[in-house]
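Asks: Have a look at this one.
The values are calculated or read from the model by the stated rules, or taken from the named source; none is laboratory data. None of these values were measured; they are calculated from a predicted model. Here the Cβ positions follow ideal geometry from the backbone for every residue, glycine too, while neighbour counts run over all protein chains shown.
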């Protein structure tokens, strides 16, 4: 089976094709995993420079056009669409559920024999408002996405708001976790020494300091739980610092948090294995996620998830996690205390086993090929 992955956006800061591919690890790792599962894979990628690059036996066709790096919902550059069609693939995999005109144009150019799968990469249905304008916009989106044979979500439940908005019709919904990781944890003691971590258990939070990630609710939950976990310590790793002033103030004004929570801030990706290796529990306060990259990375190292009860996290972590309602600090505190009362070593082993069976790149590649074979 021949699959072409189509990626419609690019980072203008990448100056060369190799720099772009180095930056887009998920793009290259997904392609390699699907190829290992038995498919013939190629990639068509928009870029500010035309080029052809081969990596790990996969050809990356970079296509130049006059559109901005982030393609609009109405965009369908002819050069990009033509390059996709020329691949003569059995399945075209389109990254992102926000390019309805591109999907429609790929269908028109490729014909009915080609199956098109559009993969959701986070975010809810973006069109708001009512009246004639809202109705027209919804019809335009619905018409474009109707050209797809299937829509891929991390959790099938994530399709519901899109269907309720009238944007998705009768397309098949495929449930496949959108990405995995090649991160593996280092030895626990070596990791703890490398980052200066102390305490037991070590609770790790990784994410952006935004309202959706809700670090303040997480801190509230930690403040309630830590008195019942006298040896526990927590570490917060974050890049985006939108709420940094509120987070720092919250920690500073609480004797409990100030003594037992470390704000690590931005950590280079290459150093993250030490943080996952040192941690026992991974906590997240997200209100919504397309998948959960940090959660997947944590699980690869056997870190036990204590995460919010949202569709993508349920699909990723399954029964191997404690759930709490977004924003419910008391619920988080209870989940932390109850999890810490369990046999952590046995729980960690179960988490690593789930990752290996269902969340590794090879598992995702095999599931993708199996599902796509039923379409082409």
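Asks: Is one or more of the residues making up region 76-84 in contact with a strand residue (DSSP E or B) (Cβ under 6 Å, 6 or more places away or on another chain) and touching a residue at least 40 places away in the same chain (Cβ under 8 Å)?
Replies: yes
Asks: In the list 169, 185, 165, 155, which residue meets the criterion of being surrounded by fewer than 15 Cβ atoms within 10 Å (Cβ to Cβ), over 30 Å from residue 250 (Cα atoms) and in contact (Cβ under 8 Å) with a residue 24 or more places away in the chain?
Replies: 169
Asks: Taking residue 160 and the conditions (1) closer than 30 Å to residue 220 by Cβ; (2) surrounded by fewer than 21 Cβ atoms within 10 Å (Cβ to Cβ); (3) touching a residue at least 24 places away in the same chain (Cβ under 8 Å), which numbered condition does it fall short on, given that it satisfies the others?
Replies: With (1) closer than 30 Å to residue 220 by Cβ; (2) surrounded by fewer than 21 Cβ atoms within 10 Å (Cβ to Cβ); (3) touching a residue at least 24 places away in the same chain (Cβ under 8 Å) applied to residue 160, the lone miss is (3).
Asks: Within region 299-312, can you find the residues that are buried (at least 22 other Cβ atoms within 10 Å of the Cβ) and under 22 Å from residue 220 (Cα atoms)?
Replies: 303, 304, 305, 306, 307, 308
Asks: Next question, about the same structure. When only residues in region 2-24 that are in a helix (DSSP H, G or I) and in contact (Cβ under 8 Å) with a residue 12 or more places away in the chain count, which is surrounded by the most Cβ atoms within 10 Å (Cβ to Cβ)?
Replies: Here the residue is 20.
Asks: Sticking with this structure for a sec: Mind counting the residues in region 85-103 that are under 23 Å from residue 174 (Cα atoms) and in contact (Cβ under 8 Å) with a residue 60 or more places away in the chain?
Replies: Of the residues in that region, 12 qualify.
Asks: A follow-up question, please. Go through region 153-178 and count every residue that is assigned to a loop (DSSP other than H, G, I, E, B) and at pLDDT 95 or above.
Replies: Number of matching residues: 4.
Asks: Still on this structure: Would it be correct to say that residue 284 is surrounded by 24 or more Cβ atoms within 10 Å (Cβ to Cβ), over 18 Å from residue 198 (Cα atoms) and touching a helix residue (DSSP H, G or I) at 6+ places or on another chain (Cβ under 7 Å)?
Replies: The answer is yes for residue 284.
Asks: Could you grab me the full set of residues in region 194-217 that are part of a loop (DSSP other than H, G, I, E, B), within 16 Å of the chain's Cα centre (by Cα) and in contact (Cβ under 8 Å) with a residue 40 or more places away in the chain?
Replies: Those that are part of a loop (DSSP other than H, G, I, E, B), within 16 Å of the chain's Cα centre (by Cα) and in contact (Cβ under 8 Å) with a residue 40 or more places away in the chain: 207, 212, 213.
Asks: Additional query: Could you pull out the residue among 315, 335, 322 that is in contact (Cβ under 8 Å) with a residue 12 or more places away in the chain, under 27 Å from residue 116 (Cα atoms), touching a strand residue (DSSP E or B) at 6+ places or on another chain (Cβ under 9 Å) and buried (at least 19 other Cβ atoms within 10 Å of the Cβ)?
Replies: Result: 315 is the single residue among 315, 335, 322 that is in contact (Cβ under 8 Å) with a residue 12 or more places away in the chain, under 27 Å from residue 116 (Cα atoms), touching a strand residue (DSSP E or B) at 6+ places or on another chain (Cβ under 9 Å) and buried (at least 19 other Cβ atoms within 10 Å of the Cβ).
Asks: Also, I was wondering about something else. So, in region 218-243, exactly how many residues are surrounded by fewer than 19 Cβ atoms within 10 Å (Cβ to Cβ), assigned to a loop (DSSP other than H, G, I, E, B) and touching a residue at least 40 places away in the same chain (Cβ under 8 Å)?
Replies: Adding up the residues that qualify gives 0.
Asks: Give region 353-376 a look and list any residue that's outside any helix (DSSP H, G or I) and either within 22 Å of residue 183 (Cβ to Cβ) or modelled with pLDDT of 95 or more (or both), or say none.
Replies: Of everything in region 353-376, those that are outside any helix (DSSP H, G or I) and either within 22 Å of residue 183 (Cβ to Cβ) or modelled with pLDDT of 95 or more (or both) turn out to be 360, 374.
Asks: Test residue 290 against the stated conditions and say whether it is within 18 Å of residue 331 (Cβ to Cβ) and in contact with a helix residue (DSSP H, G or I) (Cβ under 8 Å, 6 or more places away or on another chain).
Replies: no
Asks: Given the condition outside the structural domain of residue 318 (by TED's automatic domain parsing), within 30 Å of residue 314 (Cα to Cα), surrounded by 17 or more Cβ atoms within 10 Å (Cβ to Cβ) and modelled with pLDDT of 95 or more, answer yes or no: does some residue in region 131-142 qualify?
Replies: No.
Asks: If residue 329 passes every condition in (1) farther than 27 Å from residue 192 by Cα; (2) buried (at least 23 other Cβ atoms within 10 Å of the Cβ) but one, which one does it miss?
Replies: Among (1) farther than 27 Å from residue 192 by Cα; (2) buried (at least 23 other Cβ atoms within 10 Å of the Cβ), residue 329 violates only (2).
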